[in-house]
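Values quoted throughout were computed directly from the atomic coordinates according to the rules given, and no laboratory measurement underlies them. Keep in mind the model is a prediction, meaning the values are calculated, not measured. Positions of Cβ are generated from backbone atoms using ideal geometry, with glycine treated the same way; all protein chains shown enter the neighbour counts.
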Amino acid sequence: MDSYQIVVITLILLAIADLIVGVSNDAVNFLNSAIGSRVAGRNTILIIAAAGVLMGALSSSGMMEIARKGIFNPEMFTFSEVMVIFVAVMVADILLLDFFNSMGLPTSTTVSIVFDLLGAAVAVAIWKSVQTNGGLEGVVEAINYQTATAIISGIFLSIGIAFTIGGVVQYLCRLLFTFRFEKYLKTYGVAFAGAALTIIVYFLLIKGAKGSALLSGTTGDMILGNVYALLGVILVVSLVLVFVLVRFAKAHPLKIVVFAGTFSLAMAFAGNDLVNFIGVPLAGYQSFHIWSKSGVSADVFTMDQLGAAVQTPFIFLLLAGLIMVVTLWFSGKARNVTDTEVNLGRQGDGDERFRPNFLSRMIVGGALALGRWMMKWLPEALVRRMNIRFYQRIAEISRDDRPAFDLVRASVNLILASLLIALATSYKLPLSTTYVSFMVAMGTSLADKAWGQESAVYRVAGVLNVIGGWLFTALMAFFTAGALATGIFYGGPWV
């Protein structure tokens, strides 16, 4: 067997391992709201999420281009060099994600893979330049700085956008529903659920699946050419459907939203994040397929063709989706990561995992002072009415049996995160699902006054720990992949 065939098989095995550790970390993004609100039993939630993951995996082929040409320019590397990059990236990614899973902390698989690719590509470009006396110009030409910068800035910009949108929308929804939302379910609840279902269908089945195998050919062109007419039909059908279910089947409209939102966010996650797990191995497989037909030596053949559009084989997407579903059911580390995010967004006090620090105390103190200053400028009557809308009943059940938050917040978390992620997917932007989901959840928690004066310093410390872990992810991914690429470049038996 050719040495490069062994490398390709190794990449496939690494893809399976990366799928397992990646899903274990990313599952929190779409399980958090349903589990935190205890909308149903865990098995029911997992069945709905698994269906969404499988559908999303089958619609993600367009995103695979990011792994082939999004970070580096493949035409500047030979076949042997890109294989060094791909192997280094996969090993570094698995080690890093498993570390965060063991710590029970959510991190971004998108940031991890982007900086893995960047670190490995920079390392190989540097050592190649050293060997050929090419200088820094060769390194600059090898890296797709414009695209890489746009991807990285978009990912980190999503932190502020998701937090702000989450806070504003949740505040408005809480003013509308209050914490005694049951009496508004047959009026506001029906309209809210109908609009939410419309958002889900539009962004996931039209925008999110644009260019995929699910909407290819004549059917896809017809749907995408009549978007607004179809959107109106979807809204009417959604409103009628929810009304009928609430009126005659006694269904809970917000539970409908949470179930549909869990499915949609799981689908958006798989559609956007599958590239993080199998994009690099697929690029390696396609590179081998291109090189094997050339008859040229591996250290001479340049990978110009890797930049061309390639349709991902359906069987690869299906197998990846099935592995993700199995991991979702059996991963204990996925549950640990989910518990961390649920507890940070929990309504009211409880056992806090993170200890407060100077920065968290300073942020909380500044926020309280700003809040008091803003209240001075609002009419007292308006402040009283707002406080009444935010009045919370004293729970009559034990803390252990109480959900972390209610269905209103769970619905907002899911719908906003789904909308933002699916929109990014439709434009082939590798938005971080973790950043968006986590910051939306933290924004809605803040708007819901879930962080009391006593617990706020603990929760803010937890959020800072998670965000600090994200920055740590970027640095460690870059340097770990770079170090591994260096070792393989000089010591690999197949280089």
Run the simple label-point estimate for Asn226 and Glu182 please: 7 Å along Cα→C-beta, distance reported in nm. 4.4
Please compute the net charge surrounding Ala92, taking Lys and Arg as +1 and Asp and Glu as -1 over other residues with Cβ under 15 Å from its Cβ. -4
Could you rank the peptides 242-248, 107-113, 257-263 by their average count of other C-beta atoms within 10 Å per residue, with the highest value first? 107-113, 257-263, 242-248
Here the net charge surrounding Pro356, from other residues whose Cβ is less than 11 Å away from its Cβ (Lys, Arg +1; Asp, Glu -1), is +1
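Rounded to the nearest 0.05, what FRET efficiency do Asn336 and Ser294 give with R0 = 41 Å and r taken as the Cβ-Cβ distance? Could you check? Can you show the working numbers first?
Values: r = 47 Å, r/R0 = 1.15.
FRET efficiency, Asn336 to Ser294: 0.30.
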Quick check on the exposure proxy: order Asp448, Asp304 from fewest to most C-beta atoms within 10 angstrom. Asp304, Asp448
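What order do you get for 476-489, 164-177, 363-376 when each peptide is scored by the mean count of other beta carbon atoms within 10 Å, highest first?
Ranked by mean Cβ neighbours within 10 Å, highest first: 476-489, 164-177, 363-376.
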For each of Leu414, Leu157, count neighbouring Cβ atoms within 10 Å of the residue's Cβ, then give the residues from fewest to most. Leu157, Leu414
Ranked packing of 381-390, 97-106, most packed first, by mean Cβ within 10 Å: 97-106, 381-390
Mind checking the full-extension length gain between Ala195 and Val326? Use 0.36 nm per residue of separation minus the Cα-Cα distance, one decimal, nm. 43.9 nm
Cα→Cβ-extended label distance, 7 Å offset, between Glu454 and Val237, nm: 5.1
Can you list the residues, at least 5 places off or on another chain, whose amide H is less than 5 Å from the amide H of Phe72, using H built in the peptide plane? Asn144
Using 7 Å Cα-to-Cβ label points, what is the Val140/Phe358 separation (nm, one decimal)? 4.1
Angle between the Cα long axis of helix 3-26 and the longest principal axis of the chain, 0 to 90 degrees, nearest 10? 10
FRET efficiency, Leu95 to Leu370 (Cβ-Cβ, R0 41 Å, nearest 0.05): 0.50
Go through Lys128/Lys293; Lys186/Lys255; Lys186/Lys449; Lys333/Lys449 and tell me which ones have a Cα-Cα distance over 18 Å in this structure. Lys128/Lys293; Lys186/Lys449; Lys333/Lys449
Rounding to the nearest 20 debye, state how big the charge dipole of the chain is about its Cα centre with +1 on each Lys and Arg Cβ and -1 on each Asp and Glu Cβ. 2300
Distance between the range 275-345 and the range 434-495 - C-alpha centres, whole angstrom: 21
Most exposed to least, judged by fewest other Cβ atoms within 10 Å, Glu454, Glu341, Glu352 sort to Glu454, Glu352, Glu341
Percent RCO, i.e. relative contact order, over the range 75-173, from Cα pairs under 8 Å lying at least 6 residues apart: 26
